[in-house]
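*Asks:* Submitted below is the structure of interest, expressed as structure tokens.
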Amino acid sequence: MAATKFSGQFQVSENVARMKASTTLAAMQAAEAMRAAGVDVVDLGAGEPDFDTPQNIKDAAAAAMRAGKTKYTATSGTRDLQQAIGQMYERDFGAIYERNQIMATSGGKQAIFNAVVSLINPDDEVLIPKPYWVTFPEIVTFARGRSVFIDTEENGFVLTADMVRKAITPKTKLIILNSPSNPSGRVIPPVEFKAIMEIVAEHDLYAVSDECYLRFVYPPATVFSAASLRPELRRRLCIAGSFSKTYAMTGWRIGYSLANADWTRAMLNVQGHSTSNASSISQAAATEALSGPQDSVATMLAEYTQRREWLLSALNEIPGLGCAHPEGAFYAFPDVRACLTGSLQTSEQFATELLEKEQTVVTDGAGFGAEGYIRISYATSLERLQEGVKRIRRVAEKYV
Ligand SMILES: Cc1ncc(COP(=O)(O)O)c(C=O)c1O
């Protein structure tokens, strides 16, 4: 993927010139443009829940507005939200985080941004397992660090401690972990996660655990947070959390970080001079999300479970497509290489063919560092998924 182009009328900074535009946001925009033109688009590109934010959360936001909670908050977030986050981690993962280790952010993305830019110096190496969420290397680029990718394909896209050990050099400073993973949906088994964190501790490295899809795992996999590891393994860990997926709150832009007090202080400095604080209304909504009834999360998970089962078996019946069984998130990540024949030579061309001939949006795997794969989101109704799979089959059958 090429770096973003600028016209020359504007002198972009070197830092930003090196960053690539988000392929996932580009896929969303392509779908939006086609819908606006009245085309019957099947959008399997979206990285966001198709559910609405639960009513109790919206009500809490409305109540906060009426009560005049419309001012700046502390950079670290409101006391109520910090407390709700701390209580959830203590209740669900047995981890004690003090207030000076918890901060509210404008989405999980900002938590990752704060963590990386407050830590990385020029040429520090950051280990990123492939395939990766598109934003990880771009934040590292912005911080002038160097992304070192760990190829996980040989193990079905699941990172192992052994792979991490082999990738470490004297310049390695940080590893970014993301389980369940976007785009592969794969989950690092807790035993392996612990072994990875033991290596991180042994080499005095830092780790960011992006737990954006924390709650979306399917049996026999179980919910696992790095917060449940023993404190010695968490000394240099920053957990980046998000309300976006769990509570269908992508537009509210609210997330959080959990890290030691020094790292948190540095991140507060970054945030204090950029966004100041996460929206006060969104913080009130997020407090309700954590403290109120959780049945909407179970309802969404049940729906994803049903779609996932249908989708995985349907994809594996399409000639030329092979799809591992991801344990989490809401993505399938099939290998389309057997369909890359004739005029189709890359997964990007496969995705473009689907878009142009079948008005179906998927995301090319190359943007995630996995050429030959496509990401299919099942955060859309079963009926649209069924229509999308029909269209994918038509393209695959033409080339395989
Ligand atoms: C892996 C991963 N991490 C973090 C995020 C950021 O989520 P948000 O900033 O909406 O909390 C996303 C969103 O798509 C994601 O897929």
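*Asks:* May I ask you to list the residues in the stretch 132-171 that are small (Gly, Ala, Ser), surrounded by 20 or more Cβ atoms within 10 Å (Cβ to Cβ) and within 17 Å of GLY369 (Cα to Cα)?
*Replies:* None - no residue of the stretch 132-171 is small (Gly, Ala, Ser), surrounded by 20 or more Cβ atoms within 10 Å (Cβ to Cβ) and within 17 Å of GLY369 (Cα to Cα), so the list stays empty.
*Asks:* Of the numbered conditions (1) within 11 Å of the ligand (Cβ to nearest atom); (2) crowded, with 21+ Cβ neighbours inside 10 Å, LEU237 fails exactly one; give the number of that condition.
*Replies:* (1)
*Asks:* Then there is this: So which residues in the stretch 312-329 are more than 16 Å from the ligand (Cβ to nearest atom) and within 21 Å of SER179 (Cα to Cα), if there are any at all? Talk me through it step by step, then tell me what you get.
*Replies:* Within the stretch 312-329, the subset more than 16 Å from the ligand (Cβ to nearest atom) is 312-325.
Answer for the stretch 312-329, where residues must be more than 16 Å from the ligand (Cβ to nearest atom) and within 21 Å of SER179 (Cα to Cα): LEU312, CYS323, ALA324, HIS325.
*Asks:* Which residue pairs have Cβ atoms under 7 Å apart, sit 6 or more places apart or on different chains, and have a first residue in the stretch 94-117 that is within 16 Å of SER228 (Cα to Cα) and a second that is more than 12 Å from the ligand (Cβ to nearest atom) and charged (D, E, K, R)?
*Replies:* Close Cβ pairs satisfying both conditions: ILE96/GLU90.
*Asks:* What are the residues in the stretch 104-133 that are hydrophobic (A, V, I, L, M, F, W, C), within 14 Å of the ligand (Cβ to nearest atom) and touching a strand residue (DSSP E or B) at 6+ places or on another chain (Cβ under 8 Å), if any?
*Replies:* Of the stretch 104-133, the ones hydrophobic (A, V, I, L, M, F, W, C) are 104, 111-113, 115-117, 119-120, 126-128, 133.
Pick out the ones that are also within 14 Å of the ligand (Cβ to nearest atom) and you get 104, 111-113, 115-116, 128, 133.
Result: ALA104, ALA111, ILE112, ALA115, VAL116, ILE128, TRP133.
*Asks:* Which of the residues belonging to the stretch 352-400 are open to solvent by 50 Å² or more (accessible area, probe 1.4 Å) and free of Cβ contacts under 8 Å to residues at least 40 places away in the same chain?
*Replies:* THR352, GLU356, LYS357, GLU371, GLU383, LYS390, ARG394, LYS398
*Asks:* Assuming GLY320 fulfils every condition listed in (1) of a type outside the set (Ser, Thr, Tyr); (2) part of a loop (DSSP other than H, G, I, E, B); (3) surrounded by fewer than 18 Cβ atoms within 10 Å (Cβ to Cβ) apart from one, which condition is it?
*Replies:* For GLY320, the exception is condition (3).
*Asks:* Given the criteria in a strand (DSSP E or B), more than 12 Å from the ligand (Cβ to nearest atom) and touching a helix residue (DSSP H, G or I) at 6+ places or on another chain (Cβ under 9 Å), does VAL164 qualify? Give the derivation first.
*Replies:* Numbers: in a strand (DSSP E or B): no; more than 12 Å from the ligand (Cβ to nearest atom): yes; touching a helix residue (DSSP H, G or I) at 6+ places or on another chain (Cβ under 9 Å): yes.
It is false that VAL164 is in a strand (DSSP E or B), more than 12 Å from the ligand (Cβ to nearest atom) and touching a helix residue (DSSP H, G or I) at 6+ places or on another chain (Cβ under 9 Å).
The values are calculated or read from the model by the stated rules, or taken from the named source; none is laboratory data. Keep in mind that this is a model prediction, so the values were computed, not measured. Virtual Cβ from ideal backbone geometry, glycine too; neighbours counted across all protein chains shown. To get the accessible areas, we keep the full protein, side chains included, count just its heavy atoms, and leave off ligands, DNA and RNA. Shrake-Rupley method; radii C 1.70, N 1.55, O 1.52, S 1.80 Å.
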